[in-house]
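Please treat every number below as a calculation from the coordinates, not as lab data. Worth saying up front: this structure is predicted, and the values here are computed from it rather than measured. When we count neighbours, we look across all protein chains shown, and the Cβ atoms used for this are built from the backbone with ideal geometry, even at glycine.
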Amino acid sequence: TDLATTSEQNRDLSILVRNGMRAITIRADTTTSFGGLLRPGDRVDVLLTTEQADSNEQVTLPLLQNLLVLASGRDTGGPQRYRPNASARASQVRQVTMSVTLEQANVLAYAQERGRITLTLRNPEDIRVVDGLAETTAADIIDSSRRARVQRRRPTRPEERSIERVQ
């Protein structure tokens, strides 16, 4: 009984955690879990909105990128017959469990106590980590030239310059 196994009928969370990685659960509301649509296997970036110590101004900063979602609420991605029904799932998602390193777990645990965590959903094929992301302050929202600069920042590869279409 001390050993857990995974099969088509049983997807224990501990089996989903790769060697050297950890699972950490964060509190989630309807927005964070995308209305219950966030699924195991999705990838997310984590943003933190908190108060700057020196100015008492709110700031949002990119915290971690490209984290794998292991569970959304109690859903670990097992067969459909073992998952709650869709309407119950949307209302029951109160936490999201992600695969992280021990260092990332420390950052997330601390951040969750310091401010509000927001998840952004990624395309499953986009695993690129963007370096040098700046924090966002009120000035980035109020100042029209800063807003315009952010709006112009788009992917730079030619195949990514087309207008986004939902298929």
- Contour excess over end-to-end distance, with Cα ends at Thr101 and Ser145 and 0.36 nm allotted per residue: 12.0 nm
- Task: Please tell me the relative contact order of the stretch 22-71 in percent, rounded to the nearest whole number, where contacts are Cα pairs under 8 Å and at least six residues apart.
- Result: 38 percent
- Query: Can you give the net charge of the other residues whose Cβ lies under 13 Å from the Cβ of Asn66, counting K and R as +1 and D and E as -1?
  - Reply: -2
- Under a plain spin-label model, where a point goes 7 Å from the Cα along Cα-to-Cβ, how far apart in nm are Glu51 and Arg74? 3.8 nm
- Task: Could you work out how far apart the two model spin labels at Leu121 and Leu13 are, taking each label as a point 7 Å from the Cα in the direction of the beta carbon, and quote it in nm?
- Result: 2.2 nm
- Once Lys and Arg are counted +1 and Asp and Glu -1 for all other residues with Cβ under 12 Å from that of Gln52, the total becomes -3
- Task: Kindly write out, for the stretch 122-132 in residue order, the coupling ³J(HN,Hα) from the Karplus curve 6.51 cos²θ - 1.76 cosθ + 1.60 (θ = phi - 60°), rounded to whole Hz, with x marking Gly and Pro.
- Result: 10, 5, x, 8, 8, 10, 5, 9, 8, 8, x
- Message: Ranking request for peptides 53-59, 28-34: highest mean number of other beta-carbon atoms within 10 Å first, then the rest in descending order.
- Response: 28-34, 53-59
- Item | Pairwise centroid distance, computed over Cα atoms, of the stretch 109-151 with the stretch 24-73, Å | 11 Å
